[in-house]
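Shown next, in structure tokens, is the structure this report addresses.
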Amino acid sequence: MASPDSSGNRIQNGLRLAVIVPTLNERDNVQTMIAALDSALDGIAWEAVFVDDNSSDGTPELVESIARTRANIRLIRRIGRKGLSAAVIEGFLATVAPVVAVVDADMQHDESKLAEMLRRVEQGGAELVIGTRYAETGGTGDWSQSRERISRFAGWVADRVMPQKLSDPMSGFFMIRRDVFVEIAPNLSALGFKILLDIVLSSARPLTVSEVPYEFRQRHAGESKLDSAVALEFVIQILDRICGRWIPPRLILFGIVGALGLVVHLLVLRTSMGLGFTFGQGQSAAVAIAILFNYVLNNLITYRDIRHKTAGAWFKGLLGFYLVCAAGAVANVGVGVLVFAAEPRWWLAGIAGVIVGSLWNYCASTLLVWRKK
Ligand SMILES: Nc1nc2c(ncn2[C@@H]2O[C@H](COP(=O)(O)OP(=O)(O)OP(=O)(O)O)[C@@H](O)[C@H]2O)c(=O)[nH]1
Ligand SMILES: [Mg+2]
């Protein structure tokens, strides 16, 4: 594999495959994974690149100690960054192997299929080989019915926007020719958890795909990193695909949250009037509560990646959001009045005011309330 030449340089002797293993607190899986790769890839010149996002459980230290004694085990340690897709991309770009694969660290993917997958690339002409749970002998192991249903539903949604048919577009277990990946890399969104989806959606042409069925196994050790944020990132990824060229996905989420805010507004107004308050009082309460509702939801969903977490930042953000929305209301009324003066149709002027006010709220929130560091 890699051996030093007379000048001390490493010579990559016929390296054929790099296996990227993204890790976030997976210490107790590292040795099992390496042993499994050793036996699955016996006779093949391979290397593993662990891409760790500064796990706190000792994962990077363990990989480092193994990498000191083995040339084909490597570590990329990322600090201040997160995200499965981004980690995998970094791993793919950090190797000179002609073929790259990604395997979860928790042993859920079947590494014994890697040799067959490599054969399909090297001899079968495949550019992309996907481990699939939803074809022939593949399976989702002991997944609960609800998780399998969610996964299949997400696959169905993905299928609507996919340029080519795949039995398991949500798979996290696949292999690709590195030159093909490098060609696509500049177009990737690098968002979220679903890197395969990103690759297929970002490719300028359909790829030559081969599928290898495998049975999804139980997590060996450690805890799942899958949470509701992953589902949200998936929605953003799909929105980005459908309309990202014209409208940023964040603006769409902002708009959806705003529409829900309108419902809250009307409910509060109706309740207040029912309780005997005047319209002015009810409307004031509705505005205050709807803005609070929008702030909470935008912080949880629209700006989740840069959300305010500490109490101090949260309240400061809320105050900023009230101010932004107050200015938005002024812009809304001002534009409405102007349009009505030029074209006295109430609904046209009303809509024009709402559009300008909402766009202002979105732009000012993005620039002032949830500023990217
Ligand atoms: N570097 C890096 N790795 C990550 C990140 N999030 C998840 N991972 C790794 O990506 C792989 C997949 O994550 P899992 O938590 O197993 O997700 P999953 O397989 O969809 O969910 P489970 O079935 O519950 O295990 C694991 O090896 C994780 O350690 C991340 O932000 N950065
Ligand atoms: Mg897993």
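The values are calculated or read from the model by the stated rules, or taken from the named source; none is laboratory data. Because the structure is a prediction, the values reported are computed rather than measured. Ideal geometry is used to build each Cβ from the backbone, glycine not excepted, and the neighbour counts take in all protein chains shown.
For the residues Ala71, Ala94, Ala67, the requirement of being touching a residue at least 60 places away in the same chain (Cβ under 8 Å) and of a type in the set (Gly, Ala, Ser) singles out Ala71. Exactly one residue out of Leu191, Leu196 is within 13 Å of ligand 1 (Cβ to nearest atom), part of a helix (DSSP H, G or I) and closer than 14 Å to Ile89 by Cβ, and it is Leu196.
Could you list, in sequence order, the residues of the stretch 137-188 that are hydroxyl-bearing (Ser, Thr, Tyr), within 12 Å of ligand 1 (Cβ to nearest atom) and assigned to a helix (DSSP H, G or I)? Talk me through it step by step, then tell me what you get.
Initially, the stretch 137-188 is screened for residues hydroxyl-bearing (Ser, Thr, Tyr), giving 137, 140, 144, 146, 151, 167, 171.
Subset that is within 12 Å of ligand 1 (Cβ to nearest atom): 140, 144, 151, 171.
Ser151, the sole residue that qualifies.
Find the residue count for the stretch 159-182, including only residues that are of a type in the set (A, V, I, L, M) and over 24 Å from Ile20 (Cα atoms). Qualifying residue count, the stretch 159-182: 2.
The test for being hydrophobic (A, V, I, L, M, F, W, C) and within 16 Å of ligand 2 (Cβ to nearest atom) does not hold for Met117.
Restricting Leu269, Leu262 to those that are modelled with pLDDT under 95 and under 27 Å from Arg307 (Cα atoms) reduces the list to Leu262. Would you be able to say whether some residue in the stretch 263-280 is outside any loop (DSSP other than H, G, I, E, B), under 22 Å from Ala364 (Cβ atoms) and more than 16 Å from ligand 1 (Cβ to nearest atom)? The answer is yes; a qualifying residue exists.
Conditions tested, residue by residue: (1) charged (D, E, K, R); (2) within 27 Å of Met107 (Cα to Cα); (3) within 16 Å of ligand 2 (Cβ to nearest atom); (4) in contact (Cβ under 8 Å) with a residue 24 or more places away in the chain.
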residue	(1), (2), (3), (4)
Ser202	no, no, no, no
Ser210	no, yes, no, yes
Arg217	yes, yes, yes, yes
Ala221	no, yes, yes, yes
Phe234	no, yes, yes, yes
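Looking at Ala86, Ala67, just one residue is more than 16 Å from ligand 2 (Cβ to nearest atom) and modelled with pLDDT under 95, and that residue is Ala86. Annotation for the stretch 359-371: no member residue is surrounded by fewer than 16 Cβ atoms within 10 Å (Cβ to Cβ), of a type in the set (D, E, K, R) and more than 27 Å from the chain's Cα centre (by Cα). When Ile236 is tested against (1) within 16 Å of ligand 1 (Cβ to nearest atom); (2) within 30 Å of Lys113 (Cβ to Cβ); (3) of a type in the set (A, V, I, L, M), exactly one condition is not met: (2). Filtered by the rule that a residue be away from ligand 1 (no atom under 13 Å from the Cβ) and of a type in the set (Phe, Trp, Tyr), the stretch 199-227 gives a lone residue, Tyr214.
Which one of these is of a type in the set (Ser, Thr, Tyr), modelled with pLDDT of 80 or more and farther than 29 Å from Arg27 by Cβ: Ser202, Ser171? Answer to the selection: Ser202.
Across the stretch 252-266, the number of residues qualifying as buried (at least 18 other Cβ atoms within 10 Å of the Cβ) and touching a residue at least 40 places away in the same chain (Cβ under 8 Å) comes to 4. Residues in the stretch 337-373 that are of a type in the set (Gly, Ala, Ser) and in contact (Cβ under 8 Å) with a residue 12 or more places away in the chain: Ala349, Gly350, Ala352, Gly353, Gly357, Ser358, Ala364, Ser365. Listed conditions (1) of a type outside the set (Gly, Ala, Ser); (2) more than 16 Å from ligand 1 (Cβ to nearest atom); (3) within 27 Å of Thr140 (Cα to Cα) are all met by Leu253, apart from (3).
Among residues of the stretch 67-85 being in a loop (DSSP other than H, G, I, E, B) and surrounded by 12 or more Cβ atoms within 10 Å (Cβ to Cβ), the one that is farthest from ligand 1 (Cβ to nearest atom) is Ala71.
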